[in-house]
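Report on the following structure.
The values are calculated or read from the model by the stated rules, or taken from the named source; none is laboratory data. Note that this is a predicted model, so its numbers are computed, not measured. With ideal geometry, Cβ positions are generated from the backbone for all residues, glycine too; neighbour counts draw on all protein chains shown. Quick note on the areas: whole protein, heavy atoms, side chains included, nothing else; ligands and nucleic acids left out. Shrake-Rupley method; radii C 1.70, N 1.55, O 1.52, S 1.80 Å.
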Amino acid sequence: MADIFNFIFGVVRNIFRMFSSSRNPLNNSLNIFIKCNTGNTLTVGLDPKWDIKDVKNIIAPKLGANPDEVKIIFAGKELDDSIIIEDCDLGEQSTLHAVKLKDLSIRATKQKKCSLLRETVEDEDEITLLQEKNNRDKSHFYVYCSVCAAMKIGKLRIRCSKCKSGAFTVDTDPKSWNDVLKPNKISGHCEQNDCPDGVFGWAQFYFRCAEHICQGENDIAVPLYLLKNNLRKIPCLACTEIKDIVFVFTCREAHVTCLECFRVYAVLRLRERQFVLDDSFGYTISCPVGCENSLIDECHHFKLLTKEQYEMYQKFATEEYILKAGGVLCPQPGCGEGIIVDLKCDKIVCVNGCGYVFCRKCLQGYHIGECNSVDNNISIDNIQHVTDPAKALQARWDEATNVAIRVTTKPCPKCRTATERSGGCMHMICTRCSFHWCWVCQIEWSRDCMGTHWFG
Amino acid sequence: MANIASQRIKREFKEVIRSEEVARCSIKVELLDDNYSQLKGEIAGPPDTPYEGGKFLLEIKVPETYPFNPPKVKFLTKVWHPNISSVTGAICLDILKDQWAAAMTLRTVLLSLQALMASPEPDDPQDAVVARQYKGFPEIFISTAEHWTNIYAGGSRKKEEYSKKIERLMGIGCNMDQALVALSGCNWDLDKAIEQIFG
């Protein structure tokens, strides 16, 4: 009997020894930075199975304090002694904040059971906390990560809005995206020694990419907050399929498309030049149902397009900006350089681009007198007589292209965009400037045009 | 054809088939190809209008960019209406142009067209000749529209007087469509119609 007892005791002791020895040379340890409110940063290897109490035991001597004089802060929350590291969603090279308390009595009043901040901010959602818990594995924030150059799952992090220190605890959890995106919504207090706000401050929320190793404090990602987990199983309004991640438009009805349909929609409107240049949001589009006040207010969402498509987006946005600012785009094929010049001047030189000299009004080679037929143009280019055979061949193609454009298109009377009429009535609406004009009269569309030659 | 468009049309097609309007034979839709890009629609002329009793066929072409851009719809059945071209069947309806929204469907399009037939908007005409008649000679407009419905869409109301005038013109070498268009456009003035055709 005693033998059996000894045997069991031995086994238990061995297990215990194995367990305790695993604390020293760590195999699957997490390298974590611990930033102290005194200013210094420690690098420690933590076993994911440890709890916060263990972390405190390691940190305390380095801070010159007792373990119970230390509090550990992560993502806006003081971590309770019993929390296990692997439940904290700490990535490799994350930063924890350690604070040495000056007065233990403050702590006693502050101590309460804190839950960890979870990735579950839902706008005005009736989804209960219970449901959120069940969906925790599926529920994520989405960000655009410039390091990965892609849409990734993100983590919400908190710092002091004044001193940017992460040693900041929030008084309440954010309830909606409004709380996260708008400044000064969630209060808290900053533990950083030299922070001017200190006891009462505002939280600043930011995001990290969850899919690459953290590259320091400034490695932050842009939240794509219109992307949501489709917990309520809403079908895409375009293809009607129910997808896990959806794009929710900013209209009151919160219309939903899947990501694929969002891309198709955005590229289509981009090609049609139907994006608008909004003063506060940038170059953007509204909900495909045409709801009022539904412009996408964070242009990083267009990073969901392919690289080529995003480049086109940037190019068009720049062009629209230049046109809106009263500038012109160089009409030379392959150039398109934006030029901002004096409004009174009709002779424009493409200074930083191809050097082409053209007329602001007709966008043809610069000429003296009225802009009539192009044949009468005195092009300054003609003065030079050095001919490159390759360029001459190219020029023939360019000329043929110009002729084709001239024959098959008419310029919009307002913005001069070459427009092709592929069928239908004579009522034209410019895809670039939305001007309504008559194909026959080449002036603004009127009731007269409607009455006499709507259909030719 | 883009996958989104065909998938969406497939659903909408089913929606129309199951709708109560189909049950009362008010609208109908038929597939013309396997990839859901071309359909044939049919709407019944709304009651208490000159189009009552007629069946109007529509050509529906679904663009690859559907549902972000509207379907191209025109009347295959000839119809006398201020907002529908009496020559080409082209339709002037805002939701088929700039007022289109991705949430609209084949069913809402067909119902909107039916509503347009019941309440023309002569101030935004597709066919100026018809619009002028609608505003200036409303009685002639109604009987003309009824006559067209009788000839092309199987309606029961027609005017003997109109039929005789058409026959007269056909007797001097016109075809039926030509005679009808000319007479309708001239408020059934036979001399003016002859002048228009031969003058």
I'd like the full set of residues that are part of a loop (DSSP other than H, G, I, E, B) and either away from chain A (no Cβ under 14 Å) or surrounded by fewer than 20 Cβ atoms within 10 Å (Cβ to Cβ) (or both), limited to the range B:87-116. B:V87, B:T88, B:G89, B:K97, B:D98, B:Q99, B:A101, B:A103, B:M104, B:T105
Can you tell which of B:I9, B:I84, B:I27 is under 19 Å from B:K97 (Cα atoms) and touching a strand residue (DSSP E or B) at 6+ places or on another chain (Cβ under 7 Å)? B:I84
Could you please find all residues in the range A:136-168 being assigned to a strand (DSSP E or B) and either farther than 24 Å from A:D244 by Cβ or not hydrophobic (A, V, I, L, M, F, W, C) (or both)? A:Y142, A:Y144, A:K152, A:G154, A:K155, A:R157, A:I158, A:R159, A:C160, A:F168
Among the numbered criteria (1) touching a helix residue (DSSP H, G or I) at 6+ places or on another chain (Cβ under 8 Å); (2) open to solvent by 20 Å² or more (accessible area, probe 1.4 Å); (3) more than 14 Å from every other protein chain (Cβ to nearest Cβ); (4) charged (D, E, K, R), which one does B:E30 miss? (1)
Out of all the residues in the range B:122-152, which are open to solvent by less than 10 Å² (accessible area, probe 1.4 Å), modelled with pLDDT of 95 or more and closer than 16 Å to B:G89 by Cβ? B:A145, B:W148, B:T149
Looking at A:R421, A:R406, A:R396 in this structure, which one is at pLDDT 80 or above, loosely packed, with under 15 Cβ neighbours inside 10 Å and not hydrophobic (A, V, I, L, M, F, W, C)? A:R421
Failed condition for A:M428, given (1) at pLDDT 80 or above; (2) more than 30 Å from B:D98 (Cα to Cα); (3) buried (at least 16 other Cβ atoms within 10 Å of the Cβ): (2)
Filtered residues of the range A:409-418 (kept if out of contact with any Cys (no Cβ under 7 Å at 6 or more places or on another chain) and either within 14 Å of chain B (Cβ to nearest Cβ) or open to solvent by 70 Å² or more (accessible area, probe 1.4 Å) (or both)): A:R416
Applying the selection to the range B:52-86, what residues are in a loop (DSSP other than H, G, I, E, B), in contact with an Asp or Glu (Cβ under 8 Å, 6 or more places away or on another chain) and either within 12 Å of another protein chain (Cβ to nearest Cβ) or crowded, with 16+ Cβ neighbours inside 10 Å (or both)? B:K78, B:P82, B:N83, B:S85, B:S86
Do the conditions hold for A:I245, that is, is it among the aliphatic types (A, V, I, L, M) and either free of Cβ contacts under 8 Å to residues at least 12 places away in the same chain or farther than 18 Å from A:L304 by Cβ (or both)? no
Within the range A:281-322, residues open to solvent by 20 Å² or more (accessible area, probe 1.4 Å) and of a type in the set (S, T, N, Q) come out as A:S286, A:N293, A:T306, A:Q309, A:Q314, A:T318
Against the conditions (1) among the aliphatic types (A, V, I, L, M); (2) in contact (Cβ under 8 Å) with a residue 60 or more places away in the chain; (3) part of a loop (DSSP other than H, G, I, E, B), where does B:A5 fall short? Just the number, please. (3)
